[in-house]
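Got a structure for you, written out below as structure tokens; questions coming shortly.
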Amino acid sequence: MFENTHFPNAKKYWHMGRFVEWPTPITHPLSHALHYGTSVFEGIRAYPTDKGPAVFRLSEHIDRLMYSAGVAKMTVPYTKDQIIEAIKLTMRENALQSAYIRPLLYYSYGNPGLVPKFSPVELLIAVWEWGAYLGEKADKGVLAYIVPWRRIHHSQIDMRAKLGGLYVLSTISGLTAREKGCDEAVFLNLEGNVAEGPGENLLLVKKGVVKTNDRSESILEGITRTSILQIAQDLGLKTSVGPITKKDFFGADEAFFSGTAVETTPVVQVTDGSEAGKEAKVYTIGDGQVGSITKQLSAAFRDTVRGKTARYEKWLTYVRD
């Protein structure tokens, strides 16, 4: 039996067409995904609006879930529309106004070998209330640590897919950053450029231009990242997409993470630990405070996900039709 201590207000999860009480386990310890990381997933958020809870960019997230499943050679037991309806149903069942939503497709119990010949694909959907991913410092700005390990390269795997097994590197790097007294990690890619965080993209502001990188720099092109770029352009800000060097990062006027979990979280300081064996050096981003453009984009994003900006209502899926 499992408590929901770290999953506030989670009551039931959806598994293969039925609701299961939160404390009840349903996965065999010899399930394929538990041993080999053979899963794909999405992180999605729902927000309170005047029309009730709404899920942000749900259609795009499920498109990516299905794409990821294809990369993992999965036969998905449900259609896109069925998964969307199951997510809405799970939100209603748990009576949540805001939530983090985790749909997970995984190879379940069947055979012990690397190739899951007899391990069927199962779908699980869980929802719970989850505040700021990086805690109370998220509004004031966080400290980043560039880890010595490089992000997996786009020539090695399709970076458009969210593959569960790849996130072990994110876990190790996130723990390392915290051991170093920082709040979150940052990866470089094999070319030595800045890639992304363990589960979030990085955006910089320099001389009023909002800049980020793309898939050729070994990142997952996040849905929040794409939304922020569109919002910035609609606000009349200049945007740029291209490689980001360490020098660009250290010399930025502003920097912030973007992602479903972190939403928009400012970065005010970065420690460069990218060269093993060398002393790490600390850099302050801009004046060490949250910048005006970061504040502007964060406020615009908050309004967007809460249904306060009409032009972006198309990005919302209301839980109660």
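The values are calculated or read from the model by the stated rules, or taken from the named source; none is laboratory data. Note that this is a predicted model, so its numbers are computed, not measured. With ideal geometry, Cβ positions are generated from the backbone for all residues, glycine too; neighbour counts draw on all protein chains shown.
Provide a single number: the residues in the range 152-184 that are over 14 Å from the mean Cα position of the chain (by Cα) and of a type outside the set (Ser, Thr, Tyr).
18
Among the residues of the range 38-63, write down those that are under 13 Å from the mean Cα position of the chain (by Cα) and of a type in the set (Asp, Glu).
Scanning the range 38-63 gives a single hit, 42.
Collect the residues in the range 241-289 that are in contact (Cβ under 8 Å) with a residue 24 or more places away in the chain, more than 30 Å from residue 61 (Cβ to Cβ) and part of a strand (DSSP E or B), keeping them in residue-number order.
Passing the criteria: 269, 271, 272, 283.
Further question: Among strands (runs of 3 or more DSSP E) lying entirely in the range 127-223, which contain 3 or more residues that are touching a residue at least 60 places away in the same chain (Cβ under 8 Å) and within 28 Å of residue 301 (Cα to Cα)?
142-150, 184-188
Here is a yes/no grid of residues against (1) of a type outside the set (A, V, I, L, M, F, W, C); (2) touching a helix residue (DSSP H, G or I) at 6+ places or on another chain (Cβ under 6 Å):
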site	(1), (2)
205	no, yes
211	yes, no
217	yes, no
233	yes, no
244	no, no
251	yes, no
268	no, no
293	no, no
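Can you tell me which residues in the range 81-138 are among the small types (Gly, Ala, Ser) and farther than 30 Å from residue 184 by Cβ?
Scanning the range 81-138 gives 86, 95, 108, 110, 113, 119.
For residue 277, state whether it is at pLDDT below 95 and surrounded by fewer than 19 Cβ atoms within 10 Å (Cβ to Cβ).
So residue 277 fits the description; yes.
Could you list, in sequence order, all residues of the range 190-213 that are under 24 Å from residue 294 (Cβ atoms) and either exposed (fewer than 15 other Cβ atoms within 10 Å of the Cβ) or touching a Pro at 6+ places or on another chain (Cβ under 9 Å) (or both)?
193, 194, 207, 208, 209, 213
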